[in-house]
1. Picking from 120, 89, which residue would you name as being of a type in the set (Asp, Glu), surrounded by 20 or more Cβ atoms within 10 Å (Cβ to Cβ) and more than 19 Å from residue 183 (Cβ to Cβ)?
2. State all residues of the stretch 69-86 that are assigned to a strand (DSSP E or B) and either of a type outside the set (A, V, I, L, M) or surrounded by fewer than 21 Cβ atoms within 10 Å (Cβ to Cβ) (or both); if no residue qualifies, say none.
3. Being farther than 17 Å from residue 369 by Cβ, part of a strand (DSSP E or B) and of a type in the set (A, V, I, L, M): is that true of residue 268 here?
4. In the stretch 140-156, which residues are closer than 23 Å to residue 175 by Cβ and either of a type in the set (Phe, Trp, Tyr) or surrounded by 17 or more Cβ atoms within 10 Å (Cβ to Cβ) (or both)?
5. Quick check on residue 66: is it surrounded by 17 or more Cβ atoms within 10 Å (Cβ to Cβ), under 30 Å from residue 132 (Cβ atoms) and at pLDDT 50 or above?
6. Looking at the stretch 355-362, is at least one residue part of a loop (DSSP other than H, G, I, E, B) and farther than 19 Å from residue 271 by Cα?
7. For the stretch 99-112, enumerate the residues that are at pLDDT 95 or above and not acidic (Asp, Glu).
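The values are calculated or read from the model by the stated rules, or taken from the named source; none is laboratory data. Remember, predicted model here, so these are calculated numbers, not experimental data. Please note: Cβ atoms are built from the backbone with ideal geometry, for glycine as well, and neighbour counts cover all protein chains shown.
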Amino acid sequence: MRIGGVRATLGVEMKTCSRFPHLAAISLGFLLTACSTSSSSSSDPGEITEAAPLLDGDGTLAAHGWARGPLMEYDRALVQPERQDQLREWEYYAVFAPNFAIGLTLADLGLLSFSILTLEDYATDEIHDAIMFQDSDALDFPFTPFEDTLFESSTGSVEYRFEGDHRSITVLAGAPGSADRMEARIRLADREAVQSIAVSHLFDEPGEFFYENKRLGMPATGTVLVGDTTYDLGEGESFGVLDWGRGVWPHEVRWEWGHFTGTTEGHLIGINLGTVNGDDTPGSADSITVDGVLHKLPESIWEYDLDDIMEPWHFTSDDGRIVLTLLPDFDDSTVLALGPPLTLDRRKVHGVIEGTIGLDDGSTLQVAGVRGAAEYVEIIW
């Protein structure tokens, strides 16, 4: 594993704030999960090609590798009893529009569960948020990304639904009619047959692991209400990402994650970059989906300046398949302390990515004008 080429020190001054982060299909190619940029068959020994239990009976990682969908079968009951307090589960959506972005988090961190809805307004440089807390047993996360999730608290509710050909998100937060009322009603096109990157990472201690499924390139429609202002997700110009995660984590972790989605050269794409500080020798989560077909990429090398995160971020690979530059235009960094031991230090920027990516068939895709975000995160939990 390599947390890529950071050319800065971590003990620098940074922007802080109280917030936390974290349509119908565009083309026939998306509907059929096939197009002229089809992915070649894989001979990668790290690829998992059939459904398999994620964990052995003793709670250690059984399926260590990557797949073109969530083939690793997660079962919370197999987590080692002595590591239950290290279990972290979440479902995070990011939706990018030309003038704003939306973040929707549901998470159970063991000590507590919570929901966060954020709206980043690129035009005004404002961030609006609504946060709801509950006991850890308030969330009963499903074992796959193709099921529903419900969260309810005294100040609102969140419902994620998977409905066969799309995902629907409904968030109601704050008192109706109040200035801090936030509502979200979003539809994201997605189907089980659409390929996506799934990776199981191994940490140092037996029984510690992280299982992720990143689903990108989901065309989005809907609205978000902030007070009396409505933000519309325009059809054909708004796209979503799902970060679905289940894991038993070390108490101190680091990761890099870049996620970008939109259209380029007439193709619907989703780019996923980055890794965690674990063993991803069988394969990292670096990948691109093109019209619903996954192309596995080599591990990305990151270069950015933690002293000035609004400077360009560069992503490359040793074999030259990844040559990308992120041009930041919005600082979404956060320091959060929820009481010992839970702290988060996140350097995150939004912007437009450009460059080239080499696909599995040997062709090169020119990437331009695709929005997304990249982050470096340190957590103690």
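1. None of the others qualify; the one that does is 89.
2. Listed by number, the list holds a single entry, 73.
3. On the way: farther than 17 Å from residue 369 by Cβ: no; part of a strand (DSSP E or B): yes; of a type in the set (A, V, I, L, M): yes.
Taking the combined requirement at face value, the residue does not satisfy it.
4. 151, 153, 156
5. no
6. No, the stretch 355-362 contains no residue that is part of a loop (DSSP other than H, G, I, E, B) and farther than 19 Å from residue 271 by Cα.
7. Step one: list which residues in the stretch 99-112 are at pLDDT 95 or above, which gives 99-108.
Of everything in the stretch 99-112, those that are at pLDDT 95 or above and not acidic (Asp, Glu) turn out to be 99, 100, 101, 102, 103, 104, 105, 106, 107.
Yes/no matrix, rows are residues, columns are (1) buried (at least 19 other Cβ atoms within 10 Å of the Cβ); (2) within 24 Å of residue 84 (Cα to Cα); (3) in contact with a helix residue (DSSP H, G or I) (Cβ under 7 Å, 6 or more places away or on another chain):
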| position | (1), (2), (3) |
| --- | --- |
| 114 | yes, yes, no |
| 183 | no, no, no |
| 188 | yes, no, no |
| 200 | yes, yes, no |
